[in-house]
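The structure appears below as structure tokens.
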Amino acid sequence: QVQLVESGGGLVQAGGSLRLSCAASGSSSSISAMGWYRQSPGKQREWVASITQTGPAHYKDSVQARFTLSRGNAKNTVYLQMNNLKPEDTAVYYCIADADERRYWGQGTQVTVSS
């Protein structure tokens with residue numbers, strides 16, 4: 001089992017920045033990739049960004065130039081730096097971790113961008 005704890009959400013004005021953090025514990029040594037999804041009211045959950053243990057990060061087209069996903073110094077910690085936020089980025093953001101052919105989900109953290 002892998003447990004994920006997210007932090008860093010909040011309310012920000014358009015054009016502002018937030019940084020989300022996600023720390024994995026439990027059977028975290030088997031994690032092969034981590035990333036983020038988000039879900040806006042009335043919409044399906046969508047992939048935002050992901051990164052493997054050794055490879056580069058990959059991003060949804062609409063956030064490519066504004067978001068940066070990075071690994072922390074602590075093993076199995078990732079950060080999502082979100083710059084130039086837009087109202088359409090408003091959503092609950094979920095951290096994910098892939099381990100032993102399973103996908104684990106965090107509890108979600110709310111990001112609200114006001115116009």
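Here the chain has 47 percent of its accessible surface on carbon and sulfur atoms, given a 1.4 Å probe and all protein chains in place.
Over the chain, how many percent of alpha carbon pairs lie in each 10 Å bin up to the one with the longest distance? All Cα pairs considered, the percentages come to 15, 50, 29, 6, 0. If you look at the Cα atoms of segment 26-77, you get an Rg and a Dmax of 12.5, 36 Å.
Within a straight-line Cα-Cα reach of under 17 Å, K86 can be paired with the following lysines, leaving aside sequence neighbours fewer than 8 residues apart in one chain: K43, K60. Treating segment 51-115 as a set of equal point scatterers at the Cα positions, no solvent, please give the Debye-formula log₁₀ I(q)/I(0) at q = 0.14, 0.26 Å⁻¹. Those come out to -0.49, -1.37, one per q. If you take the Cα centroid of segment 69-115 and the Cα centroid of segment 1-20, the two points sit 6 Å apart. Solvent-accessible area per residue in the chain equals 53 Å², computed with a 1.4 angstrom probe and all protein chains kept.
The values are calculated or read from the model by the stated rules, or taken from the named source; none is laboratory data. Predicted model only: the values in this text are computed from it and were never measured. The area values use the complete protein model at the heavy-atom level, side chains included, leaving out ligands, DNA and RNA. Shrake-Rupley method; radii C 1.70, N 1.55, O 1.52, S 1.80 Å.
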